[in-house]
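Here the structure is laid out as structure tokens; the discussion comes afterwards.
Coordinate-derived values only; no laboratory data. Since this is a predicted model, take the numbers as computed values, not measurements. Cβ: placed from backbone, ideal geometry, glycine included. Neighbour counts: every protein chain shown.
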Amino acid sequence: MDLFDLSHADDTSLYAPLAFRMRPKKLDEIIGQQHIVGPDTLLRKALELDRLHSFILYGPPGTGKTSIARIIASITDSKFEPLAAVTAGVSDIRKIAKDAGERLKFYRQKTILFVDEIHRFNKSQQDVLLPFVEDGTLILIGATTENPLYELNNALLSRLKLYVLESLNDANIKEVVTRALQDKEQGLGKINVSITPEGLQEIVTAVKGDARMALNIIDTIVNSYRDGDLPLIISGDLLKKVIGKPMLKYDRTGDYHYDTISAFIKSIRGSDPQAALFWLATMLEGGEDPKFIARRLVIHAAEDIGLADPNALLIANAAAAAIQFIGLPEGRIPLAEATIYLATAPKSNSSKTAIDQAIAAVRQSSNFSVPPHLADSSHSGVEKLGKGRGYKYPPDFGGYVEQQYLPDHLERAKFYEPGDKGYEKIIRGFLNSLKSK
């Protein structure tokens, strides 16, 4: 049985899961995605005119990707072929494409290929699919929870329009749950079940925008706690008992992983310790590798704080060492300490800018050598080569003496410019004092 076999079954069957029974059957029933399927949107017009283009539905679980595909299957005049990427092979794609070509040639009927979890297609599968999408043999609709910009090759992606589904907000989830409890045809409206405001909020907090999960929780409670015709009140306490600790949707290798670490670093860079701690907690609760977080803190300390506060790198390195030594859960504390320190430290990227400019100068230099007076003179006989000759030893001149340290063609180059925040103000003052000597 595949993704769409149940479309021929009785949706109101008491044996079907509540989430299945409550699937939208019309575009107007889809909640929270009006920017994609609302009136006068591109996809809506294409569906109504049965002039579909190839596209990708990208969004978190439980936001309506499969529901949109099911609606397309029910209203299109084209042949609709569903395919699960986790079980399909190259031979399946070729067979569907062959049948689609014959159908188009002899019956002038288009074929829509719906691929669920299309991000699981490997390069070979995508390469096989590409020419059939390109020449119009197949209209491809893909659904994915992973960023297609990372998972699909550019050749295929360039032939697809991308529709981004948004995670449902609190009001959307409340509407989904309320509709299911009141619907007498497909939902639970015929039985004596209700939910308290606290219970509704508990579900909203637990499911993090996933409508399917919300309905599955309601389904589980009704099946487990309903006693004949006695009223069932779904309270906050009952939900806490059923749900336990809410699961955070966090894929350590997926799109949300990169977005969250980006938000973490940008919050530190923006000197917002509250936001930085929130994103740190998100990663820790989601099961992120704490060593990965520690590495990012060390990088940030050098890249965005640098010499404005040299202690930042020491604090970040100490947190990284602590994680290696004590692990979690105690390791969350040094990570939090480093996060707060870095977020509240003055910021400067002068070290990064300086080394990048110096590297650029090296790469752009066609030929250069070490000035003779700076060359190594520790070996016997090198004085014959002029190495070290003319070098002025700074301690002999009170700690500083002016002399050339760069190759001739870069004699006046400047790579490092100290900022005016934190410790760099002291560095700036010291370098300026040398100019007056």
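Determine the distance separating the Cα centre of segment 205-243 from the Cα centre of segment 63-127; give it in Å without decimals. What the calculation gives is 36 Å, centre to centre. When the chain is treated as a GNM with alpha-carbon contacts under 10 Å, the residue of THR145, THR66, THR353 showing the greatest mean-square fluctuation is THR353. Annotation: amide H-H contacts under 5 Å for LEU162 (H modelled 1.01 Å from N, sequence separation of 5 or more, or interchain): ILE56. Annotation: amide H-H contacts under 5 Å for ALA375 (H modelled 1.01 Å from N, sequence separation of 5 or more, or interchain): GLY388.
Axis angle, to the nearest 10 degrees, between helix 123-134 and the longest C-alpha principal axis of the chain: 60 degrees. A Gaussian network model of the chain, with springs between Cα atoms under 10 Å, assigns the largest mean-square fluctuation among LEU230, LEU200, LEU215 to LEU230.
The string of couplings for segment 99-111 from the Karplus curve (6.51, -1.76, 1.60, θ = phi - 60°) is 5, 5, x, 5, 5, 5, 6, 9, 10, 6, 10, 7, 10 Hz, one whole number per residue in order, with x for Gly and Pro.
Take every Cα pair under 8 Å whose residues are at least 6 apart in sequence, average their separation, divide by the length of the chain, and the relative contact order is 12 percent. Taking ASP28, ASP304, ASP396 in turn, the Gaussian network model of the chain (Cα-Cα springs below 10 Å) assigns the largest fluctuation to ASP396. If R0 is 41 Å, the Cβ-Cβ spacing of LEU230 and ASP127 corresponds to a FRET efficiency of close to 0.10. Neighbour counts of C-beta atoms inside 10 Å place GLU402, GLU202 in the sequence GLU402, GLU202, starting with the fewest. When only the Cβ of Lys, Arg, Asp and Glu is charged (+1, +1, -1, -1), the dipole of segment 373-435 relative to its Cα centre reaches about 80 debye.
Would you order GLU185, GLU151 from fewest to most other beta-carbon atoms within 10 Å of each residue's own beta-carbon?
Details: GLU185 9, GLU151 21.
Listed from fewest to most nearby Cβ atoms, that is GLU185, GLU151.
Considering only THR76, GLY89, ALA316, the residue lying farthest towards the positive end of the dipole of the chain is ALA316, judged by Cα position with unit charges set on Cβ.
Helix 273-285 and the long axis of the chain differ in direction by around 60°, with both axes built from C-alpha atoms.
Ranked by how many other Cβ atoms sit within 10 Å of their own Cβ, fewest first, the residues TYR423, TYR58 fall in the order TYR423, TYR58.
If you place +1 on the Cβ of every Lys and Arg, -1 on the Cβ of every Asp and Glu, and leave all else neutral, what size is the dipole of the chain about its Cα centre, to the nearest 20 Debye?
Numbers: 53 positive and 55 negative charges, 203 e Å.
In total the dipole reaches around 980 debye.
Amide H contacts of ASP183 (H built 1.01 Å from N, in plane; Pro and chain starts excluded): LEU188, GLY189 sit under 5 Å, all sequence-distant by 5 or more or on other chains. Our note on the geometry: Cα centres of segment 134-186 and segment 281-330, 36 Å apart.
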